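Enquirer: One structure coming up, written as structure tokens, with questions to follow.
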Amino acid sequence: MELIAEKVRQTYGSLDVLDDVDLVIGSGEIVAVLGPSGCGKSTLLRLLGGLERPTSGRVLLSGAAPAGSLNPLTYVFQDFALVPWRSVAENVALPLEHLAMTAAERAARVADALARVDLVDFGGTYPKQLSGGMKQRTAIARALVVEPAIFLMDEPLSALDAQTRDLLMDDLKRLWTETRFAAVYVTHNVAEAVQLGHRIVVLSRRPGRIRDVVAIDLPLAERHEGHPDLVAASRRIWASIRDEAAIAERELIDVA
Amino acid sequence: MSPDPGLREVPFRGGGFAPGNRRIAAPLTFAALVLLWWVATARGWVSPLALPRPGEVASALADMVASGEIWRHLAASVRRLVVGWAIGASLGVAVGFAIGLSTLARSTALPLVSALFPIPKIALLPLFIVWFGIGEASKYATIAFGVFSPMAIAAFGGVDGVERSLIRMAQSFGVPNRDIVRKIVLPGAMPALLSGVRISASIGIILLTAAEMIGAEHGIGALVLSAGNLMQTDRLIAGVLILAGLGLIVAFLIGVAERRLLGWR
Ligand SMILES: Nc1ncnc2c1ncn2[C@@H]1O[C@H](COP(=O)(O)OP(=O)(O)O)[C@@H](O)[C@H]1O
Ligand SMILES: [Mg+2]
């Protein structure tokens with residue numbers, strides 16, 4: 001299944017947030033969307049998953065969802081969005097409860113999802129007792145449980161400390177290697193983008209436009225920090241970010 | 001320059017603003033008040049006409065228990081309170097949820113609720129008596145009406161305060177709206193609902209007493225009024241204490257509900 005954004009523009013009142021974004025997310029491909037805070041990344045993700053309608057342009061799906069996918073477009077949120085009055089297992093079960101399946105099947109799916117993020121022993125724990133990393137792993141289990149075709153991840157590691165971030169990054173790579181899902185991975189962090197993105201889409205400041213697209217062919221499993229391919233990609237990304245900053249500065253000077 | 005004051009501890013500034021609960025403090029407070037009352041009446045600081053002694057009030061209570069009179073009054077009052085409160089609270093919660101969830105209800109019902117809130121409901125009792133007769137229905141209506149507005153406003157505030165990100169999350173998984181209301185909005189609004197219950201239950205007791213003073217044969221309000229008319233201050237104070245006890249029991253029940261329903265906080 002492919003997800004396609006066609007000339008997507010989004011405005012809120014007089015505020016232009018996204019301008020003419022064209023994007024195709026192929027099956028099994030992780031597209032990292034990189035851009036400064038406030039450039040419209042979360043907005044783009046809401047449009048891609050159908051939580052909002054674009055002001056103009058279209059968001060399209062092509063091809064059938066893989067068999068067994070219960071919620072083809074599935075979000076992982078920056079603030080985890082765990083329900084505080086539900087235990088870990090109950091949070092993971094939430095997206096299954098309105099679907100027709102036996103209690104046994106639901107329990108089996110929840111147990112499987114918890115096992116995949118290494119939270120088997122924490123099914124009965126409540127969110128307030130969890131560390132940030134465990135909260136996000138719970139949210140990832142909740143996403144895995146519906147077997148998405150495409151993950152829509154909004155800065156999933158931004159609320160975590162550096163060590164936890166590294167560990168979860170390894171988890172994400174492992175999970176991708178296991179199931180080859182497609183994903184839009186929104187981040188403002190260049191290192192995260194080159195670790196996980198098959199393609200990296202660099203957005204400009206608001207209104208967000210695509211400034212550059214960088215492809216990295218290196219398999220995820222081989223992406224260790226300091227690998228020359230990653231260093232080269234980071235350089236190129238930084239260069240286009242710097243261009244952007246230079247342009248912004250010139251605009252300021254022009255105005256003055 | 002001021003002289004070097006030498007090595008010293010950083011002054012502590014972090015205390016307070018986290019009240020705990022000492023279990024024995026509440027009974028001790030009540031005991032102290034009763035003791036003060038006893039001393040004041042025994043020493044003659046207060047005239048026995050103005051305030052009976054604790055012992056007299058206790059024996060008035062004991063008489064009422066022995067004759068079974070108290071149960072008649074209590075049963076009548078508790079039934080009115082429960083029925084009236086339940087009607088008002090369920091309507092209030094329904095309307096409050098509608099205001100919190102629908103644009104139409106917000107633009108029509110919210111101004112209405114705001115307009116109804118400040119009306120002293122007891123002023124409407126005569127009207128309710130015209131409509132429903134002098135019997136129980138007019139009392140239920142008065143209490144229900146008084147409970148309605150605070151519950152509606154609490155429910156609306158509670159729904160408004162539910163984290164939008166949780167609703168978004170549920171929508172992103174295709175959870176149907178009915179389930180979102182039941183599993184996200186209702187539990188999310190529960191803290192506000194329970195504080196609404198606290199306030200509306202007290203309002204209910206106030207209205208109950210007032211309504212019983214205006215026209216009732218039985219009920220704590222009627223008991224207090226008739227005792228006052230006969231200058232039986234011991235029975236009067238006993239009645240007031242029963243009302244206070246009713247308030248305490250309600251507060252206790254809400255506390256139990258809070259511990260059960262809000263344990264996740
Ligand atoms: N629903 C909305 N209404 C009005 N403005 C919004 C809304 N959502 C986002 N914005 C504005 O759009 C801009 C981009 O927001 P966002 O997509 O959250 O950026 P990012 O995720 O890249 O930090 C911000 O200036 C934000 O204030
Ligand atoms: Mg964002």
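The values are calculated or read from the model by the stated rules, or taken from the named source; none is laboratory data. Source: prediction; values computed, not measured. Note that we place each Cβ from the backbone using ideal geometry, even for glycine, and neighbour counts take in every protein chain shown. Quick note on the areas: whole protein, heavy atoms, side chains included, nothing else; ligands and nucleic acids left out. Shrake-Rupley method; radii C 1.70, N 1.55, O 1.52, S 1.80 Å.
Enquirer: How far apart, in nm, are two points set 7 Å out from the Cα along the Cα-to-Cβ line at residue A:67 and at residue A:15?
Expert: Simple spin-label model gives 4.6 nm for this pair.
Enquirer: Okay, next question. Cut-off 10 angstrom, C-alpha nodes, Gaussian network model of chain B. Which of B:145, B:12, B:252 fluctuates the most?
Expert: B:12
Enquirer: With r defined as the distance between the Cβ atoms of residue B:90 and residue B:249 and R0 fixed at 30 Å, what FRET efficiency is calculated, to the nearest 0.05?
Expert: 0.90
Enquirer: I would also like to ask the following. What does a probe at residue B:47 reach in region B:218-243, counting residues whose amide N is under 15 Å from the point 7 Å along Cα→Cβ?
Expert: B:231-233
Enquirer: What lysines sit close enough to residue B:139 to cross-link, taking a C-alpha to C-alpha distance under 30 Å and skipping anything fewer than 8 places away on the same chain?
Expert: By straight Cα distance, residue B:139 reaches B:121.
Enquirer: Return the whole-Å distance between the Cα centroid of region A:84-101 and the Cα centroid of region B:20-45.
Expert: Value for the Cα centre distance between the two parts: 51 Å.
Enquirer: While we're on this one: Could you grab the relative contact order for chain A? Cα pairs under 8 Å, six or more apart, rounded to a whole percent.
Expert: Computed over chain A, the figure is 26 percent.
Enquirer: Let me ask something additional. Give me the distance in nm between label points sitting 7 Å out from Cα along the Cα-to-Cβ direction at residue A:97 and residue B:33, one decimal.
Expert: 4.2
Enquirer: Please find, in a Gaussian network model of chain A (springs between Cα atoms separated by less than 10 Å), the residue of A:47, A:114, A:61 whose mean-square fluctuation is greatest.
Expert: Among A:47, A:114, A:61, the largest GNM mean-square fluctuation belongs to A:61.
Enquirer: May I ask which residue of A:62, A:208, A:83 lies farthest towards the positive end of the charge dipole of chain A, with charges of +1 (Lys, Arg) and -1 (Asp, Glu) on Cβ and the Cα centre as origin?
Expert: So the residue furthest toward the plus end is A:83.
Enquirer: Amide H to amide H, which residues 5 or more places from residue A:183 or on other chains are under 5 Å from it, using H placed in the peptide plane?
Expert: A:29, A:30, A:31, A:151
Enquirer: What FRET efficiency do you get for residue B:265 and residue B:132 if R0 is 41 Å and r is their Cβ-Cβ distance, rounded to the nearest 0.05?
Expert: Approximately 0.50, to the nearest 0.05.
Enquirer: Past 26 Å, Cα to Cα: identify those pairs from A:7/A:135; A:135/A:173; A:7/A:41; A:135/B:183, in the order given.
Expert: Beyond 26 Å: A:7/A:135.
Enquirer: Given a 1.4 angstrom probe, I'd like the percentage of the accessible area of the protein assembly as shown that is carbon and sulfur, rounded to a whole number.
Expert: 62
Enquirer: Which ³J(HN,Hα) values in Hz, rounded to whole numbers, follow from the phi angles of region A:191-197 under the Karplus curve 6.51 cos²θ - 1.76 cosθ + 1.60, where θ = phi - 60° and Gly and Pro get x?
Expert: Running phi through 6.51 cos²θ - 1.76 cosθ + 1.60 with θ = phi - 60° gives 4, 4, 4, 6, 6, 10, x Hz.
Enquirer: Next question. Taking only protein heavy atoms and a 1.4 Å probe, what accessible area per residue, in Å², does region B:1-94 have with all protein chains in place?
Expert: Per residue, region B:1-94 has 78 Å² of solvent-accessible surface.
Enquirer: So for B:143, B:206, what's the accessible-area order with a 1.4 Å probe, most first?
Expert: Final ranking, largest accessible area leading: B:206, B:143.
Enquirer: Tell me, what is the percent relative contact order of region B:66-261, built from C-alpha pairs under 8 Å that lie six or more residues apart?
Expert: Relative contact order of region B:66-261: 25 percent.
Enquirer: Project the alpha carbons of region A:145-256 onto their principal axes and report the range along each, largest first, in whole Å.
Expert: Cα extents, longest axis first: 53, 32, 26 Å.
Enquirer: If B:162, B:65, B:10 are ordered by their accessible area, calculated over protein heavy atoms with a 1.4 Å probe, which sequence runs from highest to lowest?
Expert: Sorted descending by solvent-accessible area, the residues read B:10, B:65, B:162.
Enquirer: Relative contact order (percent) for region A:1-139, with alpha-carbon contacts under 8 angstrom and 6 or more residues of separation?
Expert: 23 percent.
Enquirer: Now, a different point. Under the rule of at least 5 residues apart or a separate chain, name every residue whose amide H is placed under 5 Å from the amide H of residue A:211.
Expert: Long-range HN contacts for residue A:211: A:202, A:203, A:204.
Enquirer: Where in region B:170-200 does the amide nitrogen come within less than 18 Å of the point 7 Å from the Cα of residue B:104, taken along Cα to Cβ?
Expert: Only B:177-178 pass the distance filter.
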